[in-house]
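The values are calculated or read from the model by the stated rules, or taken from the named source; none is laboratory data. The shown structure was predicted, so the numbers you read here are calculated from the model rather than taken from an experiment. Neighbour counts run over all protein chains shown; Cβ positions are idealised from the backbone, glycine included. Areas reflect the complete protein model, heavy atoms only, side chains present, ligands, DNA and RNA absent. Shrake-Rupley method; radii C 1.70, N 1.55, O 1.52, S 1.80 Å.
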Amino acid sequence: MKKLGLVGGMSWVSTVDYYRFINEGINAKLGGLNYAECMIYSVNFNAFVSNNTAGKWDDTFRILLDACRNLEKAGAEAIVLCANTAHAVADRLEAEISLPIIHIVTATAAAIRQAGLRKVGLLGTKFTMEMDFYKDKLVSLGIEPIIPAEQEARDFIQNTLRDELGKGIIRDETKKGYLAIIDELIAQGAEGIILGCTEIPVVLNQDDVPVPVFDTTRIHSDAAVAFALDSR
């Protein structure tokens, strides 16, 4: 079994899910008392969010690079960045370390293609929705993403991710707001919805949405399990 290095804390709420899903996935494959060999480096969420909000992506890069290098020194054989937004600097990180990064967008695009879909709605932080790193990679992998058209909707998602879901706070009115945004995306032709922030599945799941939902936390965790158990 290969050792996984998880860069977490973005936020701790979803990092808990990563740890659980990966261990459950290993056990489902191997049975008995088999679980993942992994290490978690949990960064300070406040520093991560503050840097991103201020456009200080070089500072975000340095925080994540330090985490990756520490995991590399500890014996990790691949890196799992436990946040969609962190993948804004994934290519830069991979160029600086000797380990592969199990990319959340690659894994998500594969799941979308397997479902036979092409046009999907993308929900996430404002950085994931508005910057090019996520959308361009989806396009390169044959997926057409659409995001909420209204700035107010994107701000609502950003604010609730930061101030509620990232703290483990769940409110019914917040869930209703997400569902209204999803309805708009479906009306624009979205065949499925990417839950493109690892906190969104805290408040939404497939039972809430009439089109296929792609839970990036679960999909990414499954990709990490597949890597860990690949004998090549």
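A search for C-beta distances below 9 Å between a residue of region 163-189 that is under 17 Å from N205 (Cβ atoms) and any residue that is in a helix (DSSP H, G or I) and of a type in the set (D, E), counting only pairs 6+ apart in sequence or on different chains, returns K175/D208; Y178/D208; L179/D208; I182/D208. The set of residues in region 122-152 being over 15 Å from the mean Cα position of the chain (by Cα) and not in a loop (DSSP other than H, G, I, E, B) consists of E130, D132, D136, V139, S140, E144, P145, I146, Q151, E152. Applying the criterion of being acidic (D, E) and closer than 17 Å to S14 by Cα to the residues of region 128-180, the residue that is least open to solvent (accessible area, probe 1.4 Å) is E164. Of the residues making up region 87-121, those that are over 17 Å from the mean Cα position of the chain (by Cα), closer than 21 Å to L185 by Cβ and touching a residue at least 24 places away in the same chain (Cβ under 8 Å) number 5.
Closer than 20 Å to A115 by Cα and not hydroxyl-bearing (S, T, Y), is that true of P148? When the stated conditions are applied, P148 does not pass them.
Here L204 does not fit the description of being in a helix (DSSP H, G or I), among the aliphatic types (A, V, I, L, M), closer than 17 Å to V120 by Cα and in contact (Cβ under 8 Å) with a residue 12 or more places away in the chain.
When region 27-67 is limited to residues that are assigned to a loop (DSSP other than H, G, I, E, B) and open to solvent by less than 30 Å² (accessible area, probe 1.4 Å), the one that is nearest to T128 (Cα to Cα) turns out to be V43. For region 1-26, the set of residues classified as open to solvent by less than 40 Å² (accessible area, probe 1.4 Å) and among the acidic types (D, E) consists of D17 only. Inside region 219-232, residues that are over 9 Å from the mean Cα position of the chain (by Cα) and either outside any helix (DSSP H, G or I) or under 17 Å from I112 (Cα atoms) (or both) make up a count of 6.
Checked against (1) in a helix (DSSP H, G or I); (2) open to solvent by 20 Å² or more (accessible area, probe 1.4 Å); (3) farther than 16 Å from M131 by Cβ; (4) not acidic (D, E), S98 passes all but a single condition, namely (1). I need a count of the residues in region 101-121 that are part of a loop (DSSP other than H, G, I, E, B) and either open to solvent by less than 40 Å² (accessible area, probe 1.4 Å) or of a type in the set (V, I, T) (or both). The number of residues fulfilling the criteria is 3.
The residues of region 68-78 that are hydrophobic (A, V, I, L, M, F, W, C) and surrounded by fewer than 16 Cβ atoms within 10 Å (Cβ to Cβ) amount to a single one, A74.
Close Cβ contacts (under 7 Å, 6 or more residues apart or on different chains) running from residues in region 74-86 that are without any contact (Cβ under 8 Å) to a residue 40 or more places away in the chain and part of a loop (DSSP other than H, G, I, E, B) to residues that are among the charged types (D, E, K, R) and open to solvent by less than 10 Å² (accessible area, probe 1.4 Å) are absent.
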